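The next block holds one structure in the form of structure tokens; read it before the comments.
Just so it is clear, none of the values below were taken in a lab; they were calculated from the coordinates. Just so it is clear, the structure is predicted and the values come from calculations on it, not from any experiment.
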Amino acid sequence: MTTSLQKFADNFCALNKSNLHRLPDLYASDISFTDPLHHISGIVALQAYFAQLYDNVDTIKFDIHAHDCVSDNEGYLRWTMHFNHPRLRGGKTISVKGCTHLKWRDKVYYHHDYFDAGAMLYENVPVLGAVIAWLKKRLAT
């Protein structure tokens, strides 16, 4: 992994509720952050998003499994996110696999996460999760 991508991955995995003030060390002020549920522009909005995210979960952890640099300033990370949310799946750990596409200059200015939002959220909501499981079973036959 290139030094820049390795450094970003290590620092991102070290983030927690008490050190979100470090986000401007990782991300450019004009960061464009996208995931299946959000599109966020700018470091101030990203800090607010992460603060809300960390306030709403009991734990969150990322395991980086693989990486690929496609140039000196662009790369991908494959990861698994593990988190506990008190209102999802009875507070039990939920694990979701995903991939992140990053572009950087001195800091990351483009961050796009790809993951199954249904596996992360919808399938773990009490009533909705049962309906989705039933639909999946019906569609598989």
How far, in degrees from 0 to 90, does helix 126-140 lean away from the longest principal axis of the Cα atoms of the chain, to the nearest 10? 80 degrees
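DSSP beta bridges in the chain, what fraction antiparallel, as a percent rounded to 5? Before the final figure, lay out the partial values.
Details: 33 of 37 bridges.
In the chain, approximately 90 percent of DSSP beta bridges are antiparallel ones.
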So what are the ³J(HN,Hα) numbers for the stretch 23-29, from phi and the Karplus equation (6.51, -1.76, 1.60; θ = phi - 60°), rounded to whole Hz, Gly and Pro as x? 3, x, 6, 9, 10, 5, 4
Can you bin the stretch 27-79 into rounded, prolate or oblate? Criterion: square roots of the alpha carbon gyration tensor eigenvalues sorted a ≥ b ≥ c, rounded for a/c under 1.5, prolate for a/b above b/c, oblate for the rest. oblate
